[in-house]
Amino acid sequence: MEDKKKVIFSGAQPSGKLSIGNYIGALKNWVDLQNDYDCYYCVVDMHAITVRQEPAELRRRTLETLAIYMACGIDPEKVTLFVQSHVPAHAELSWVLGCYTMFGELSRMTQFKEKSRKYENNINAGLFTYPVLMAADILLYNADLVPVGVDQTQHIELARNIAQRFNQVYSPTFVVPEGYVTKAGAKIMSLQDPEKKMSKSDPNPNANVNILDSRDDIIRKFKRAVTDSEACIKYDPARPGIANLMSIYSVFTGKSFEEIEREFDGVGYGDFKLAVGEACADTLAPIQERFNQLIADKDYLDSVMKNGAEKAARTAYRTLSKVYKKVGFLPYVR
Ligand code: AQP
């Protein structure tokens, strides 16, 4: 008998134009994993409204995000690809799990603290309970692994604690998930402030490179990347600007840091930055071409979303009905 494949869940928010941070930290790994795992990949639009979004823009970005996933190589025939708000079980399980999550736990979340500082006029309850919804996303599908960038590991830890707590109060219900963070590019930094994570919602357009940026823009942004005055290409975490560019170049070319150091021995920053920009643009070009084809075919994207949501809902509602039974909700007799 064939071994049951392990389950993977992951998603990205349509809260801005997806960046090469999202690509390197998440999307690229999703593609690599789709043949060996039972994958659920989701556009997490419900998470995106924790920050104010313009409705028409959110709709457009949600569809674009789905098309970007596919353009990067996610195959909807192999994985379950869907939009979070199309499967109401996410919100339903989130409510239940919120009753098994402590206020103190949520108060310790770094992302909540950072986003509260960033959006000080809109510190809403959704921003606070974001990790509970994320736990629901993962636990609904009994995911064994969650491929994410290193910024999300605290949320995965919380999802594990919630699952373990629920399993202990009742009986084994949820699979306790593990984060899956690849070493290369686990945290891509801003090109303008290499101490800070590259974020798709950064208001400075030169800080991030978007997956859909033109070749000229990509090269220009890398040329302007903040580095230091040492003028030598050597990997040293204490020199975050150069370390970040070397990480990016390494992911896009498959070269090790030693190979990169040899290649650019005695070469100035200008030439190195140009090489990073060109490697990035070369990788993104075929993705952009596929994206342009996909986004022009709205009917096809609609059918992918519909099939994905139906498939996801079947698993999600099996888990949710188990949970409802365990906590003591009366069955709804139709
Ligand atoms: N800079 C990054 N380096 C590596 N991985 C990253 N990820 C995000 N930024 C980097 C990973 O991308 C996946 C999707 O992220 P998300 O959309 O759920 O939210 P996020 O982590 O908050 O990403 P952003 O780009 O910073 O969005 P905004 O600006 O809206 O907050 C996750 O697996 C994440 O780890």
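Annotations
- Among residues of the stretch 37-60, those that are charged (D, E, K, R), open to solvent by 40 Å² or more (accessible area, probe 1.4 Å) and within 29 Å of LYS113 (Cβ to Cβ), counted: 3
- Residue match in the stretch 168-187 (condition: in contact with a Phe, Trp or Tyr (Cβ under 8 Å, 6 or more places away or on another chain), more than 16 Å from the ligand (Cβ to nearest atom) and open to solvent by less than 60 Å² (accessible area, probe 1.4 Å)): yes
- Criterion violated by ALA143 - all others in (1) in contact (Cβ under 8 Å) with a residue 12 or more places away in the chain; (2) surrounded by fewer than 22 Cβ atoms within 10 Å (Cβ to Cβ) satisfied: (2)
- Residue in the stretch 21-36 that is outside any helix (DSSP H, G or I), surrounded by fewer than 22 Cβ atoms within 10 Å (Cβ to Cβ) and touching a Ser or Thr at 6+ places or on another chain (Cβ under 7 Å) present: no
- Residue match in the stretch 109-119 (condition: out of contact with any strand residue (DSSP E or B) (no Cβ under 7 Å at 6 or more places or on another chain), more than 16 Å from the ligand (Cβ to nearest atom) and open to solvent by 30 Å² or more (accessible area, probe 1.4 Å)): no
This table checks each residue for (1) among the polar types (S, T, N, Q); (2) outside the structural domain of PRO131 (by TED's automatic domain parsing); (3) within 15 Å of the ligand (Cβ to nearest atom); (4) at pLDDT below 95.
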{"residue": "PRO14", "(1), (2), (3), (4)": "no, no, yes, no"}
{"residue": "ASN29", "(1), (2), (3), (4)": "yes, no, yes, yes"}
{"residue": "LEU58", "(1), (2), (3), (4)": "no, no, yes, no"}
{"residue": "ALA71", "(1), (2), (3), (4)": "no, no, no, no"}
{"residue": "GLU77", "(1), (2), (3), (4)": "no, no, no, no"}
{"residue": "PRO88", "(1), (2), (3), (4)": "no, no, no, no"}
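- Single condition PHE222 does not satisfy, out of (1) surrounded by 20 or more Cβ atoms within 10 Å (Cβ to Cβ); (2) not in a helix (DSSP H, G or I): (2)
- Considering residues of the stretch 191-210 that are near the ligand (Cβ under 8 Å from one of its atoms) and among the small types (Gly, Ala, Ser) only, the residue modelled with the lowest pLDDT: SER201
- One residue from VAL323, VAL333 being aliphatic (A, V, I, L, M), over 19 Å from TYR41 (Cβ atoms) and surrounded by 13 or more Cβ atoms within 10 Å (Cβ to Cβ): VAL323
- Of the residues making up the stretch 91-105, at least one is among the β-branched types (Val, Ile, Thr), touching a residue at least 60 places away in the same chain (Cβ under 8 Å) and either open to solvent by less than 30 Å² (accessible area, probe 1.4 Å) or in contact with an Asp or Glu (Cβ under 8 Å, 6 or more places away or on another chain) (or both).
- Taking the numbered list (1) assigned to a helix (DSSP H, G or I); (2) free of Cβ contacts under 8 Å to residues at least 24 places away in the same chain; (3) exposed (fewer than 15 other Cβ atoms within 10 Å of the Cβ) in turn, GLU230 passes all entries but (1).
The values are calculated or read from the model by the stated rules, or taken from the named source; none is laboratory data. From a predicted model like this one, the values you see are computed outputs, not experimental measurements. We place every Cβ from the backbone using ideal geometry, glycine too, and count neighbours over all the protein chains shown. Areas reflect the complete protein model, heavy atoms only, side chains present, ligands, DNA and RNA absent. Shrake-Rupley method; radii C 1.70, N 1.55, O 1.52, S 1.80 Å.
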